[in-house]
Structures are given as structure tokens and as C-alpha cells.
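Each reported figure results from applying straightforward, stated rules to the coordinates on display, with no laboratory input. The structure displayed is predicted, hence computed values, not measured ones. Positions of Cβ are backbone-derived with ideal geometry, glycine not excepted, and every protein chain shown enters the neighbour counts.
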Amino acid sequence: MSIFYRAPAGALFILLSAAAAHAAPVHDSPAKRGKVETVVVTGARTSIGQPNSVERVSATKARQQINAVNPEDLLKYAPSLVVRKRHYGDTQDPIATRTSGVGASARTLIYVDDILISSPIGNNNTTASPHFGVIAPDDVSAIDVLYGPFAAEYAGNSIGAVLNIITRMPDHFEVTADALGAIQDFGQYGTHRSFGTGQLGAGIGDRDGAFSWRLSANHLDSTGQPLADITLTWPAAPSGAGIPVSGAFNGRNRTAMPIAIIGAGGIEHQIEDTGTLKLVYDFASRAQLSYTVSLFHQSDDATAQTYLRDASGIPVYAGSVNIGGYNYAIGTSSFSNNVYDWKQTHLAQALALRSTSGGDFTWEIVGTDYAYLNDSQRVPATALPAAKAGGAGTINRLNGTGWYTFDAKGVWQGWDNHELSFGIHRDAETFRQSKFNTTDWLDGRPDALATRAAGKTATDAVWLQDIWSFAPDLKATFGGRYENWRAHDGANFSAAPPLVVKQPALSHGTFSPKAAIAWQPREAWTVSASWGSAYRMPTVTELYQAITTGPQITVPNPDLKPEHANSYELAAERADDDGRVRLSLFQEDITDALLSQSAPLLPGSTTLFSFVQNVDRTRVRGAELVADWNNVLFDGLELSGSLTFADGRIVKDTAFAKATNKFIPQLPKWRANIVATYRPGDRLAFTLAARASAHAFGTIDNSDTVSQTFQGFGAYFVVDARVQYRVDDHWTASIGVDNLNNDKYFLYHPFPQRTFLMEIHYAR
């Protein structure tokens, strides 16, 4: 449902109309600063000083250096960030920050202009992944990254970072077009083939007086490498039973147990279409009204491949088999769970009114809505190869899931040496999940309801922040945010075993203070210290979602408490015309941390359940070094890079004692990247880059000791290369290679191997 039909809609339009009619002369520039510069997040949002360490990714520069197919690719070399993108067009690509792994998606806020695209309904890398697909790659102008929960403007979901993706608008008539192709040569176990990607994009826009507009469209057709290895655990003793088969590979799982690798699954063929329209109207240079609407549609057809052949050479997918003198039972779902048909249609909207013309007071009012118009996944329940022709299965739907936000904020600069910002906020999330049985998983109608999960959360907040320039070279920031959070209408249903539960309602009121100080001892130097308290509330899926994926059963926990973070940062930066260098020391202490784990729920049971629980305390201590230089050694050579060290520990876990003093899951001890670009002239740019990471543990008790295997989080070292040539004022051609050294690594899933890309871009 659109925001324009919900309760806040009337209030939103009243506020917008009143503000447009009575807007006073204002401006959006960060005026009245002292010697210490206030870091400002520019673009669509009101200019509010931020006490965070901030990194800006220029899309123009990034496209020169990075083989970017999707918008999130532009973050490939951002300091301390890792986007777990499994292949081009992946819709399950959460972000890891310097203090959180890829399974903590709820600790990062991501906006496209005003639209919240980081999914607030969950905290995982599946249904809760960011929705980057609602924006076309060519629409991006810049990305600002704010590290840590130090700004009162943002909710507790900013514990890790806040990303503001800023889109561009034309100041004259323009037309753009882009064509890209990529080929990945993949070889692992019994899968040896090439996987291709093609993408076409176009945009058109203009400005006529006070009115400007831009319309863009993007089409992606991509097939990715296998996302899963299908495995069997070795039996305890040899046996002659079962049909003899060949083709299996020996290996070890993440807990070092011997396994037989018998196939690959999750080979996704994705077709994605994105259309975005942005309209902007300036009211006599006093206020600006903007409306953005984006429609995203995806069709994802996933297949599986077996490596097994019987004596006649016929592929084997299920049954009792004999591999090397050992008997294995291949279940019906072993391969079919890796086959699915997934269709998504999502609609994102934003309506905003903001001041533009200067004065002591600036303001903005923003309402947004993100709706799952259709989100349906079909999975067979019968064994392959018969399932390829249809048959029984299930349909899992998220239709009706979504969220909306409302923000009203202002900045007062009428007091000497003070910049006072304040605002109110509301967000509301709805989760609906229904799983049906069907007689034909390919195109049959839903039959009996198997499971259902539903629930709602909402947060109302008010915040205040003051930036005080009390000396020419000293600036202090003080702020606070009060939030009132509620969870309600939670319910779970299961047909087998029979279960009907109405979950209890929850509510929490929290206050999060913030403080920071910045000192500029010399023109090129800035030293700062920041502290921020933040509460991350349980998401609606952590509270209420129940789902089975293969042998893994995820159960809800309706009694979760919010996690409370205290974050600290000490930073020093030197910047001049030749470049800059920044060193940051950081620490994050979280009580009642919301972490997921897998364990038996019943005494004596071997069935694993995945569930979220409050862990008593976690701590991350680390350092981040960021640097970039121009004209290194000789003119035209640019170098940039970052190195992040993070020691993340579970300090105490009363409920699961084996996890105490273990490393936080999915958080490596170090990450690093370096980018070298040489421009011999205005037309040509050569880039060689590398990104690397230590291994990480995937389990809360660090029992996964083997990282370079399916479900492991292995170390990697990846080299990328790109050459861009500007043919003339309109045409640009690029060629590149990702993973030039062909590192075969796992981040739970097998990741892309050497990939060749070619791109042609037109703009006028």
C-alpha cells in the first residue's frame, strides 16, 4: 500500500501545502562556521553537520576505476565496507561495516536520496538485504558513508554506518545510454562453464525554468555461478548397499567433517527491470518540491546440477547410492531445495519539500513508502529430474510486506557560534509471510496454507543536536534522540505440526545521547573524538518469522530486547591539495546484542534450529587507516587505499556459554584495499586495484574451523583491472577484469571467479 493512503498521508500533504504557501527565505548551505569545518552530507537531504567520520564516493571517479554493473559495485573500495554480492544482479547483498558482519544488515541505514532501501524488517542476508535494484546505476551521483551512531539525526540502526546515495538531476536537456557485457569463467568441482551478464540502460531528463525531471530505465539479464554445494556427510563405516555412482568429490565441511560433494545448486538466471522517475519543482528559489517513484521487477529462475552418474551415464539426483564403497541416502529435497522460481515487484516512492533560498533557518519534510507488490517464490517438493516438469511444491509469499517513513527536520543558525538541528521521525514496518502447498510448483494455484507469520513494528522519535563553535579552532557537538518503539499484531500459524499463536505486544522507550569534539590545530589537520549511544530495536522478522530452508529451521523469538551500543572514535586527519590521510581508533560495546545462532532446542535432539537471542555483551576494538594521494611519483598517478583492523569478541553469553570469548561471527580481523589509477591524458585511465580480507567465523561458537568451503567465510585476495577511454565528448568505452588472479574463495557461498567486462557509455 502506498504512503498516500496511510494515516500519515493527510498530515503529510497538510504540512507540505502549508510550507509551500508560507515558506520564508532560507538557504541550504552550512553557514556560520568556525575554523573547524562541519562535515556535511550534501545532496537531497538538508545540510546538517555530522560528528561522524565521513567518506564520499564520487560516482564519476568510481566509474573510471571500478567495473560497476550495479549501484552497489561503486562501494567496492570504500573503506571498511564489504558488500556481500554473490553475482551481478544479486538481490541478497548486505553490507558489512568495520564493526559488524554481513549477517547484521539491521545495523546499517541506506538511503537513495530520501528513500530507505536498507530493509528494516530483518537482520540477515536474505529477506533483509538492501534493495539496491530500485536505482539504475547511471542515476548515482555520489555516495556518502557516515561511520558509527554519532549523529542524533539517525536511528539506532546506524550502529555500523549510514549510507546516503545521492542521485543526479539535469540542469539542461540530456540523454544517456549504456551497454555492458560480462563473462565469468567458473571452475569448481564438477562445474566448469561460463556465465554471462548483459545490461542495457538509458536515461533522459531536462530542466525548464523551475521544473526539472529525469526518467531512467535499466534492464539486466544475468546468470551467476552456483550459490551452493550439495553435499553428503560420510557414513561411519563402509557398505556395499546402494546404486554405484561416480562423479563425487571428497571435501570437508566448515566443521572439518568429511563430506562428499555431489552437485551444485542455486544457479540463478535473473532478469531485472528498473524504472525511475524523479520530478523537482522550485518555488521561486524559496522551496523545492520533489517526487521520486521507482518500480523494480525481478524474475529469478534457479537450477541445480548433479555430478553423479550411474553405470549407464544417467544423472542421479536422489535415492540410495554407493560412492567409493560407502552408502549414502540422497533425500528428495537435496537438489530440489536449490531449484526455485522467484518473482519480485517492488514499488518505492518519496515526496519531499525542503527550503532552498538561504536565511537562518532551513528545513525539510519527507515521506517515503516501500511496498512489496508481489514477492513470491516457488519451490518443488518432488525429486529431480521429474520436478523439472512440475509436480507438488510450495509457494512462499511476502506480498503486503513493506514500510513507510516520515521525517520533519530543521536547522537554526541564528545564534552566534551555534548550529541547532532538530526533528521528528516515524517509521512503521509490516511483515506478511504465507507459505502454501500447491499441486504444480511451476504455475499451479496455491492450495492449503502450510505456515503463516505476520507482525508489525513502529518507531516514533524526536531528536536534537547542537554544533557549538566555542573557539576558532574548536567545535563541539551535543545531541540526543528519544525513541518510542512498539511491536504488535504478531502471529504464527503452522498446519503441521498444528500451531496457532498470537504473539505478545512489546514496547520500549529509549534515550540515546551523543557528544563529539573537533580540534583543528593547523590548517591541514583535524583531530576529533566522538561518543554515541544507540539502541537497535528487534526487527519484525527476528520477532515473528518462522521458515524452513533445507535442513535448517528458523524459529521466531518474540521476547527479544533491544541491543544497546556505546560507540567511541578518536580520529586524526591531514588533508591538502596533494591528498589526505586519516587514522581512526574505534571501540563498540553492545549489551543484549542481537545475534543469530544454530543449536538444538530440545534436550537430546540433533535437529538444528536457527534463532536470534540477546547475547549479554560484545565488544569490538580496532583501527582504520585511509589515505589517497594525487600525482604520486609522477603526474597522473593516483593512489588510494584503506586498512581496517577489528578485534570483535563475544565478552559474555550466559545462554550459550561456549560462545563466550569467541570472535563475533562474520567479522574478519582485518580488511584492506588499494587502488592505483594512471591518467596519461584527459581521455585515458588505467586502473589496477586489489581487495583482501582475513577469514572469519560464521558461527557464534567459532566451531566452523574450515573457512574455504561451502558455508565458510574464507580469506581472499582479489585483483581487479580496468581501462577506460573517452572517445569524444559523448562516447566512452571501457574494458576490465574482476578477480584477475582467479582467487577461488567462499563467503558462505562460492564467489565469482575471473570475470571479463566490456562497457560502452553515451551521454549528451
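Extending 7 Å from the Cα toward the beta-carbon at both THR332 and PHE634 defines two label points whose distance is 6.9 nm. Shown is the FRET efficiency for LYS502 and ASP577, computed with R0 = 51 Å from the Cβ-Cβ distance and rounded to the nearest 0.05: 0.20. Near HIS749, the amide H atoms lying under 5 Å from its own belong to GLN711; only residues 5 or more places off or on other chains count, and H is placed 1.01 Å from N. Only bridges with both residues in the chain count here: give the DSSP antiparallel percent, nearest 5. Just about 95 percent of them are antiparallel.
The order of GLU483, GLU573, going from fewest to most other C-beta atoms within 10 Å of their C-beta, is GLU573, GLU483. For ARG168, the shell of other residues with beta-carbons less than 11 Å away shows a net charge of -3, using +1 for Lys and Arg and -1 for Asp and Glu.
Only Lys, Arg, Asp and Glu carry charge here, each on its Cβ (+1 for the first two, -1 for the last two); on that basis segment 3-763 has a dipole of about 1700 debye about its Cα centre. Here the extension length gained between ASP460 and ALA529 equals 21.9 nm, from 0.36 nm per residue of separation less the Cα-Cα distance.
Subtracting the Cα-Cα distance of ALA392 and HIS172 from 0.36 nm times their residue separation leaves 73.6 nm of extension gain. A simple rule links phi to the HN-Hα coupling: the Karplus curve 6.51 cos²θ - 1.76 cosθ + 1.60 with θ = phi - 60°, which for segment 661-673 gives 6, 8, 6, 4, x, 6, 10, x, 5, 8, 9, 8, 8 Hz, with x for Gly and Pro. Can you grab the distance from the C-alpha centre of segment 643-662 to the C-alpha centre of segment 445-489, Å, no decimals? Answer, in whole Å: 26. Mean sequence separation of contacting Cα pairs (under 8 Å, at least six apart), scaled by the length of segment 3-763, corresponds to a relative contact order of 11 percent.
Once fully extended, how much extra length lies between ASP301 and SER610, figured as 0.36 nm per residue of separation less the alpha-carbon to alpha-carbon distance?
Values: separation 309, 0.36 × 309 = 111.24 nm, distance 2.64 nm.
Contour length minus the Cα-Cα distance gives 108.6 nm.
How much net charge surrounds PRO668 when only other residues with a Cβ under 13 Å from its Cβ are counted (Lys, Arg +1; Asp, Glu -1)? Combined, the nearby Lys, Arg, Asp and Glu give +4. Counting other Cβ atoms within 10 Å as a rough exposure proxy, the listed residues MET257, MET169, MET537 run MET257, MET169, MET537 from fewest neighbours to most. Karplus-based coupling profile of segment 120-136, in residue order and whole Hz: x, 7, x, 9, 7, 10, 10, 5, 9, 6, x, 9, 5, x, 6, 10, 6, with θ = phi - 60° in 6.51 cos²θ - 1.76 cosθ + 1.60 and x standing for Gly or Pro. In this label model, ASP589 and ARG683 are separated by 6.1 nm, measuring between points 7 Å along each Cα→Cβ vector.
Between segment 519-547 and segment 561-575, what's the alpha-carbon centroid distance in Å? Using only Cα atoms, the two centres lie 6 Å from each other. Listing ILE166, ILE159 from fewest to most neighbouring C-beta atoms within 10 Å gives ILE166, ILE159.
Only helical runs count toward this figure. For the chain, summing -39,500 (n - 2.57) over DSSP H runs of n ≥ 4 and dividing by all residues gives -1000 deg cm²/dmol at 222 nm. 3J(HN,Hα) along segment 702-711, derived from phi through the Karplus expression 6.51 cos²θ - 1.76 cosθ + 1.60 where θ = phi - 60°, amounts to 6, 7, 8, 7, 9, 9, 8, 7, 4, 6 Hz, with x in place of Gly and Pro. Rounded to the nearest 20, the Cβ-based charge dipole of segment 185-263 about its Cα centre (Lys and Arg +1, Asp and Glu -1) stands at 280 debye. Annotation for segment 68-159: trypsin sites (Lys or Arg not before Pro) lying in DSSP loop with at most 10 further Cβ atoms inside 10 Å of their Cβ do not exist. Across segment 674-739, the mean sequence separation of Cα contacts (distance under 8 Å, 6 or more residues apart), normalised by length, yields a relative contact order of 30 percent. For segment 112-175, the share of DSSP beta bridges that are antiparallel, to the nearest 5, is 90%. Strictly over 18 Å apart at the Cα level, which of LYS61/LYS744; LYS85/LYS744; LYS85/LYS456; LYS435/LYS561 would you flag in this model? Listed pairs above 18 Å: LYS61/LYS744; LYS85/LYS456; LYS435/LYS561. Here r is the Cβ-Cβ distance between LEU215 and ASN399 and R0 is 22 Å; the resulting FRET efficiency, rounded to 0.05, is 0.20.
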